[in-house]
Amino acid sequence: MDIASSTALVTGASSGIGRAVAMALAEAGARVIGIGRNLPALRSLEEAGGVIVRQVDLEASDELQRFVQQSLPDLPSIDILVNCAGAGRFAPLTDHHPEEIDRLLALNVRAPIALTQAVLPAMRQRRRGRVVNVASIAGRLGVPNETVYSATKGALAVFSRALHAELAGTGVGVTTIYPGVVETAFFERRGAPYQRGWPRPMPPERVARAIVLAISSDRSDVVIPGWLRIPIWLQATLPGLYGRLERWFA
Ligand SMILES: NC(=O)c1ccc[n+]([C@@H]2O[C@H](COP(=O)([O-])OP(=O)(O)OC[C@H]3O[C@@H](n4cnc5c(N)ncnc54)[C@H](OP(=O)(O)O)[C@@H]3O)[C@@H](O)[C@H]2O)c1
């Protein structure tokens, strides 16, 4: 896809990976609409140039619907949707409150599905478009103390892969991104800072570059860093050994 002639809608544009993606797409010449909640952060993104911003709380179904029904039709047609907004929760399952579970499901699963449904008909009609879903390695492997987060990212990843197959031959592509550890506010916000010495967190700009490359080269599946394909393979092929390594690592 030619990014320079495209309009991109990026959620989570106020922080971390989404902000880096919005800036990278704008630098590549796209017209970018960035969604977030933090107004000062959105304003500073807008001032950096090339990005129009909209404040939307994607957890609130009424606000999401209002954006889809009232704001989206007034925006230029979306060629690229990057579903990046997301949040985690680090705690044993028994410590997850029902409202937190609903919140994670609403933000990490319902919102990207609803936004995809909203932009897809026009993409299909023009036979041009790409939906990028930022899942997580947690959604592929399942991570202890992040059970609900892992489940939401697993749901998003399966949705994304199923849609990729469903849209074959339509001119609309779907990319699923599986990042490992990225240096963002994500960890503070999930309720536990990242404290491991290894793997070292990567900068969000690295993930943004991978996303831009995936869009321009029509890649459907990106694991970043690439070596994370090893634990994915190990878990699928030798689950007993993987389980022992997981306990040792924990
Ligand atoms: N960091 C990692 O190690 C890592 C690894 C794998 C996958 N991921 C995924 O990458 C994505 C981006 O996370 P990040 O690391 O960049 O974290 P981040 O810096 O905390 O960014 C999260 C983004 O999501 C937005 N967001 C959160 N709740 C929202 C809501 N209710 N409505 C609208 N926007 C909302 C935030 O907007 P406001 O700040 O304006 O509220 C922010 O822009 C997430 O989906 C995350 O699961 C992260």
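Of all residues in the stretch 88-108, how many are open to solvent by 40 Å² or more (accessible area, probe 1.4 Å) and in a loop (DSSP other than H, G, I, E, B)? Outline the logic, then answer.
Narrowing the stretch 88-108 to residues open to solvent by 40 Å² or more (accessible area, probe 1.4 Å): 89-90, 92-95, 97-103, 105.
Narrowing further to those that are in a loop (DSSP other than H, G, I, E, B): 89-90, 92, 97.
Qualifying residue count for the region: 4.
Kindly provide the set of residues from the stretch 18-53 that are closer than 21 Å to residue 135 by Cβ, small (Gly, Ala, Ser) and in a helix (DSSP H, G or I), ordered by number.
18, 20, 22, 24
Hey, could you check the stretch 146-176 for residues that are outside any strand (DSSP E or B), hydroxyl-bearing (Ser, Thr, Tyr) and touching a helix residue (DSSP H, G or I) at 6+ places or on another chain (Cβ under 8 Å) and say which is surrounded by the most Cβ atoms within 10 Å (Cβ to Cβ)? Spell out how you get there, then give the answer.
Looking only at the stretch 146-176, we keep the residues that are outside any strand (DSSP E or B), and these are 146-171.
Add one more test, that the residue is hydroxyl-bearing (Ser, Thr, Tyr), and what stays is 147, 149-150, 152, 160, 170.
In the following step, the residues that additionally are touching a helix residue (DSSP H, G or I) at 6+ places or on another chain (Cβ under 8 Å) were identified as 147, 149-150, 152, 170.
Working: 147: 17, 149: 25, 150: 20, 152: 28, 170: 14.
Applying the filter and picking the extreme gives 152.
Just the residues that are more than 9 Å from the ligand (Cβ to nearest atom) and either under 12 Å from residue 81 (Cα atoms) or β-branched (Val, Ile, Thr) (or both), please, taken from the stretch 32-43. If you could, list the steps in order and put the result at the bottom.
From the stretch 32-43, those more than 9 Å from the ligand (Cβ to nearest atom) are 32-33, 40, 43; that's our starting set.
Listed by number, the residues that qualify are 32, 33.
Which residues, taken from the stretch 191-250, are exposed (fewer than 13 other Cβ atoms within 10 Å of the Cβ), in contact (Cβ under 8 Å) with a residue 60 or more places away in the chain and touching a helix residue (DSSP H, G or I) at 6+ places or on another chain (Cβ under 8 Å)?
Listed by number, the list is empty, since nothing qualifies.
Taking the options 85, 118, name whichever one is surrounded by 19 or more Cβ atoms within 10 Å (Cβ to Cβ) and without any contact (Cβ under 8 Å) to a residue 60 or more places away in the chain.
Numbers: 85 fails: without any contact (Cβ under 8 Å) to a residue 60 or more places away in the chain.
Residue meeting the stated conditions: 118.
If you go through the stretch 125-135 one residue at a time, do you hit one that is within 12 Å of the chain's Cα centre (by Cα), near the ligand (Cβ under 10 Å from one of its atoms), part of a loop (DSSP other than H, G, I, E, B) and buried (at least 21 other Cβ atoms within 10 Å of the Cβ)? Before you say what the answer is, go through the steps one by one.
Quick first cut of the stretch 125-135, residues within 12 Å of the chain's Cα centre (by Cα) only: 131-135.
Filter again for near the ligand (Cβ under 10 Å from one of its atoms), leaving 133-135.
With part of a loop (DSSP other than H, G, I, E, B) added as a condition, the list becomes 135.
This time we only want the ones that are buried (at least 21 other Cβ atoms within 10 Å of the Cβ), so: 135.
Yes, that holds for at least one residue.
Do you know which of the residues in the stretch 54-82 that are assigned to a strand (DSSP E or B) and open to solvent by less than 10 Å² (accessible area, probe 1.4 Å) is farthest from residue 8 (Cα to Cα)? I'd like the intermediate steps shown before the answer.
First, pick out the residues of the stretch 54-82 that are assigned to a strand (DSSP E or B): 54-55, 80-82.
Remaining after also requiring open to solvent by less than 10 Å² (accessible area, probe 1.4 Å): 80-82.
Numbers: 80: 4, 81: 6, 82: 7 Å.
Residue satisfying both the conditions and the ranking: 82.
For (1) within 6 Å of the ligand (Cβ to nearest atom); (2) more than 18 Å from residue 79 (Cα to Cα); (3) surrounded by fewer than 17 Cβ atoms within 10 Å (Cβ to Cβ), each residue gets a yes or a no:
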site: 5; (1), (2), (3): no, no, yes
site: 14; (1), (2), (3): yes, yes, no
site: 18; (1), (2), (3): yes, no, no
site: 45; (1), (2), (3): no, yes, no
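Which ones in the stretch 143-200 are farther than 23 Å from residue 247 by Cβ and touching a Leu at 6+ places or on another chain (Cβ under 6 Å)?
Once the filter is applied, which keeps residues that are farther than 23 Å from residue 247 by Cβ and touching a Leu at 6+ places or on another chain (Cβ under 6 Å), the stretch 143-200 yields 152, 174.
The values are calculated or read from the model by the stated rules, or taken from the named source; none is laboratory data. Remember, predicted model here, so these are calculated numbers, not experimental data. Virtual Cβ from ideal backbone geometry, glycine too; neighbours counted across all protein chains shown. Please note that ligands, DNA and RNA were not included when accessible areas were found on the heavy atoms of the full protein model with its side chains. Shrake-Rupley method; radii C 1.70, N 1.55, O 1.52, S 1.80 Å.
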